[in-house]
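Chemist: I have a structure here, written as structure tokens, and I will follow up with some questions on it.
The values are calculated or read from the model by the stated rules, or taken from the named source; none is laboratory data. What you are looking at is a predicted structure, and each value in this text was computed from that prediction instead of being measured. Every residue, glycine as well, gets a Cβ built from its backbone with ideal geometry; the counts of neighbours run over all protein chains shown. Surface areas here come from the heavy atoms of the whole protein model, side chains and all, with no ligands, DNA or RNA. Shrake-Rupley method; radii C 1.70, N 1.55, O 1.52, S 1.80 Å.
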Amino acid sequence: MQHNFIVIEGNIGVGKTTLASMLAKDLDARLVLEKFEENPFLPKFYKDPKANAFPLELFFMAERYHQLKKQKEQDLFMPVTIADYFFMKSKLFAHNNLQKDEKQLFNSLFEIMFSSLPNPDLLVYLYAGVDRLQENIRLRGRSFELDITNEYLENIQERYLDYLRKQKHFPVLLLDVSTVDFRTDKNVYRSILRLLDGDYRKTTHQFNLAEPIF
């Protein structure tokens, strides 16, 4: 594996944690998972977004920062690290959820933290349409997620895609998983494994996993 720091990203319910966990096991890699369940503002946010968005995003950003800083300083003998989030996620969600004055303060804090964290060597973005995302959200059954609207998911997706297509700091694999299940289809999962070991330019590379790649 030529990439030492691999990030799995995507919209809510797309399967980031599942894929990151599978890859870390098979590649004998250090696994970094977001601890979303520790954020006390998350259920409150879905009930009253305007009142709870700012503490929600600040809590998430602080937790992600401390977790990534800690991982950066640990175990030099684990050459590959796989995370189920990229720190830039904090800014993308904040810009979707916060008011103008809140964004200004959030951005100031974000830039201080972001400057001390490494970029991924490779970012994998799992893409699925809103209908598939909603199906996955229903199946995993987190009560506070069941009222997430299609519009909210579409807005988050668009912020991710806009950022990833414009950035030139690391390669991005945009994998369409709308009609496949890498958890149960071994051929799809093997395709992902092979794609991870490729050499890519620092731009976005799109693959439809429903079609043969190799």
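Chemist: Out of all the residues in the stretch 1-20, which are in a strand (DSSP E or B) and at positive phi?
Modeler: 10
Chemist: Now for a separate question. Would you confirm whether or not the stretch 135-157 contains a residue that is modelled with pLDDT under 95, of a type in the set (Lys, Arg) and not in a helix (DSSP H, G or I)?
Modeler: There is at least one residue in the stretch 135-157 that is modelled with pLDDT under 95, of a type in the set (Lys, Arg) and not in a helix (DSSP H, G or I).
Chemist: Residue by residue through the stretch 176-214, note down the ones that are farther than 20 Å from residue 24 by Cα, basic (Lys, Arg) and within 19 Å of the chain's Cα centre (by Cα).
Modeler: Passing the criteria: only 202.
Chemist: Condition first: open to solvent by 60 Å² or more (accessible area, probe 1.4 Å) and under 18 Å from the mean Cα position of the chain (by Cα). Now tell me which residues in the stretch 18-49 satisfy that.
Modeler: 31, 35, 37, 38
Chemist: Among the residues of the stretch 77-134, which ones are within 30 Å of residue 26 (Cβ to Cβ), assigned to a loop (DSSP other than H, G, I, E, B) and open to solvent by less than 40 Å² (accessible area, probe 1.4 Å)?
Modeler: 80, 84, 85, 86, 87, 88, 117, 120, 128, 129, listed by residue number.
Chemist: Please go through (1) assigned to a loop (DSSP other than H, G, I, E, B); (2) closer than 25 Å to residue 68 by Cβ; (3) open to solvent by 50 Å² or more (accessible area, probe 1.4 Å) for residue 162 and return the number of the only condition it doesn't satisfy.
Modeler: Looking at each condition in turn, residue 162 falls short on (1).
Chemist: Any residue at all in the stretch 52-61 that is of a type in the set (A, V, I, L, M), crowded, with 16+ Cβ neighbours inside 10 Å and under 21 Å from residue 150 (Cα atoms)?
Modeler: Yes: the stretch 52-61 contains one or more residues that are of a type in the set (A, V, I, L, M), crowded, with 16+ Cβ neighbours inside 10 Å and under 21 Å from residue 150 (Cα atoms).
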